[in-house]
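For reference, the structure discussed in these notes is given below.
Computed from the coordinates by the stated procedures, all read-outs in this text should not be read as laboratory data. Here the structure is a predicted model, which means the values were calculated and not measured. When we count neighbours, we look across all protein chains shown, and the Cβ atoms used for this are built from the backbone with ideal geometry, even at glycine.
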Amino acid sequence: MKLKTVYPNALFSYRTAIVLATVVACIAMAPASHLTSHFSNPEKPDTATHTAWKDFGGGPDHSKFVVFNQINKKNISKLQPVFVYATADNQAYRFNPIIVDNVMYVLGKNSSLIAVNATTGKEIWIHANLRGIIQRGVNFWQSADGKQKRLLICLGNSLQAINANTGKSILTFGDNGSVDLKKGLDRDPGLIGRAASTTPGHIYKDLLLVGSSPGENLFSGPGHLRAFNVITGKQEWIFHTIPYPGEAGYETWPNDAYKYVGAVNAWGEISVDEKRGIAYYPLGSPTYDYDGADRAGQGLYGNCILALDARTGKHLWHFQTVHHDIWDYDLTAAPQLITVKHKGKKVDAVAVASKNGFLYVFNRVTGEPLWPIEERPVSPSDMPDEQAWPTQPFPTVIPPFQRHIVTENDINPNIPAAAREKFIARVKAARKGMYQPLSDKYEVIATPGAVGGANYGNTAANPDKGLVYVMFQELADFYKLKKRDASSPRMGQVGGNNALAVKGEVLYKQICQPCHGADHAGIVGAGVSLVDLGVRVNAETFKNIISQGKGRMPALPHVDDATIAAIYAFLAPSSGRNNQPASTSATLPEGPVVASGGAPVTQPQTRGGMRDYPEGYTGPKVQYVERNNWGEGVDSLLTAPWSGIAAYDLNKGTLKWRIPLGENQWGVPGGTPNGTQNKGMVVTASGLLFVTCKDGKVRGLDANNGKIIWEYDLGRKDPGGIPAMYWANGRQYLVVCSTGPLKDKTKKETDVAKGYVVFALPEKLRK
């Protein structure tokens, strides 16, 4: 069968509680009786669940589960591509398509939002040149009478609405079509460098619930949670994740922390129990990640799974997975909403996987752990002014999905002998174990490192069966602190355009050089060459790669826009006026273009960014940073597996199965299933689990045992984003975004499909 590629207009250019009271203190909530009475009898759902892919991650619960069973274990071998919607540009996308009424919404054509026919790929409309649009997804909203349909997008630091039928900006939304996300955070907007989100949030009734990615340098903006009216753009409520005076949790920080501490943000995936009206937020760590000297205390609501009333933003309950985080163990993966049989009763639960390698499970309504979580003593810090928390919570029944200790026996035997001996010596000398505080006197090796564990897109579930699937990255990092000097990044602002390249050189040495080298040529096993970057990658694409990740490069959403701009200016000094290459000009793509550039936004004359502590607070005498800014990770350091999938049966609290997934060049010659970075999942009622991997393959697994029963080589590395599955005209479809680099360098770009690859069964088998 010849694969049909839809070329837009003929163009084809992809952890027994030690102190029970401590545990209870972790779960601060409204009285359980109140919660039970108010939320145990949910409203009747507005629509059938898991029958469509209208939301980022499939649906409000973010389970990535569909009830479809047309594609099953018996016929999956016949699954084949039926068409490709080509993105027709040189960008790599991380987009999760949504499908509504036979219309699929995607990104392509140089950051254009495009509506296409979901069964043919034919273009319906194009809203061009949405540079700065978040790359992971969009939100869809429809009025009760079905007459109004809107797409809610984050474009830079603005929130905008687009008519889903016409593709045009809705200028009655916000201020002439735009809402400034820097405003309404209860902090001077001029002191906020970035307020945009890297994920689209979720719609609940007429509210858009959003988080943010303000960055993780000192003085980054706060990660407060907000809800906006989808019709007017009005901010309806705000929840301070760094509490203000008089608010619960304020006592867990220094008195003035709410004025200067940043982050504690939901940059990952928000899940919503639509029946009860409860939103579950996985929250990240406070800034600065590795030095907490200026934020002594437990630090609520950092690193919490937080349940809020989606209607009002009222606090219902929370659990803090890491106290006073100084390891960057954010929660980012979608909390999974499941129903389990527990102690003879059906319990609606929520399971959240962390970057620290643990899975935590709670009663979804009350926040009580289904199994005991112990507060165990951990090592103290030897750094001046640092007050590491004396205990940390460890799940006692549910097994972790990855290792938590590294010894010399864990070093990859395939590393060349000389290099391996050096790594063995470093591991022997390093301090190790969970929650070992960082120091400037010795190295600490942690596994998982900050880019290990479970990240965004890495959880899914079969909700009614109580099964949860976790993708994990088994990566270790070496850490060591150093004194912060005048050149260390402190804020979201780095100076005017004339100072960008100079500041960028300093930032490059701190952030990029450990992987990409002093000569920009790349370090084998760590990073690729950045020589002539400006010729190959424009400023917008570079920004997306840093914030979203690409290939071996992990997503670094904590790196703020100004830092990215400075590094780009250093690496691409001839990129044009204001460091924007000519290729970013607003050229219209071919096709049914109905609008370009989104709603008009008045840009501030200077970038926002807090420069120093507020008046009356001077901060620690000496500040420290991680010497490489976010640790030194060596992808091939450990023995396999380096990544995989773990399946949990939460009716029993057991690990059902765990497998490595993907082929990696660090294994034995010829490639073995030792695991490579995983991307996204889809779970079906027919017992299938579809997954994408960095190795460029999409695979179908038996969800009962993890056995691979189907795979397809996309021909391109690193398929981005979460796949989607939908039903249209009596047929079940799977769509995968495949826009990465070619696997076979002997082939031409036009020889391998680049875009949204859509799979289905042959017509004769679909009935």
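So here's what we get for this one:
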read-out	value
Over the range 364-411 - Rg/Rh using Cα atoms and the Kirkwood inverse-distance radius	1.10
Computed Rg/Rh of the range 208-333, alpha carbon atoms with Kirkwood Rh	0.96
In nm, spacing of pseudo-spin labels at Lys168 and Tyr613 (7 Å Cα→C-beta vector)	5.4 nm
Rg over Rh, two decimals, the range 109-162 (C-alpha only, Kirkwood Rh)	0.99
Cβ-Cβ FRET estimate between Gln148 and Asn176, R0 fixed at 22 Å, reported to 0.05	0.70
Length gained when the stretch Lys652-Ile709 is fully extended (0.36 nm per residue, less Cα-Cα span)	17.9 nm
Cα centroid separation, the range 314-361 to the range 725-741 (Å)	30 Å
Using a Förster distance of 60 Å, the FRET efficiency for Thr639-Asp188 (Cβ separation, nearest 0.05)	0.75
Neighbour-count ranking [beta-carbon atoms within 10 angstrom, fewest first] of His404, His202	His404, His202
Unsatisfied cross-links (Cα-Cα over 20 Å) in the set Lys149/Lys205; Lys109/Lys205; Lys183/Lys205	Lys109/Lys205; Lys183/Lys205
Compactness relative to 2.2 N^0.38 Å, alpha carbon Rg of the range 292-396	1.18
Length released on extending from Thr232 to Leu765, taking residue separation times 0.36 nm less the Cα-Cα span	187.2 nm
Volume in Å³ per residue [convex hull over Cα atoms, computed for the range 55-101]	143 Å³
Share of alpha-carbon pairs per 10 Å distance bin for the range 360-440, given as whole %	15, 30, 29, 20, 6, 1
Listed pairs Lys483/Lys717; Lys341/Lys694; Lys422/Lys483; Lys346/Lys694; Lys707/Lys764; Lys503/Lys694 exceeding 31 Å between Cα atoms	Lys483/Lys717; Lys341/Lys694; Lys346/Lys694; Lys503/Lys694
FRET efficiency for Tyr442 and Glu251, using Cβ-Cβ distance with R0 set to 41 Å, rounded to 0.05	0.75
Exposure proxy order (Cβ contacts within 10 Å, fewest to most) of Leu571, Leu306	Leu571, Leu306
Cα-based reach from Lys343 at 22 Å (exclusive), listing lysines while leaving out same-chain residues under 8 positions away	Lys465, Lys652, Lys656
Cα-based convex hull volume of the range 175-249 per residue, rounded to whole Å³	111 Å³
Distance between modelled label sites at Thr312 and Asp464, nm, 7 Å Cα→Cβ extension	3.3 nm
Dmax and Rg, reported as Rg then Dmax, of the range 257-322 (C-alpha, Å)	12.9, 42
Unsatisfied cross-links (Cα-Cα over 25 Å) in the set Lys482/Lys543; Lys168/Lys234; Lys147/Lys543	Lys482/Lys543; Lys147/Lys543
Candidate aspartates and glutamates - alpha carbon under 19 Å from Lys54, same-chain residues fewer than 8 apart omitted	Asp46, Asp101, Glu123, Asp145, Asp206, Glu269, Asp273, Glu274
Value of relative contact order over the range 195-251, rounded to a whole percent, pairs C-alpha under 8 Å and six or more apart	24 percent
Footprinting exposure proxy for Glu374, Glu763, Glu386 (fewest neighbouring C-beta atoms within 10 Å first)	Glu763, Glu374, Glu386
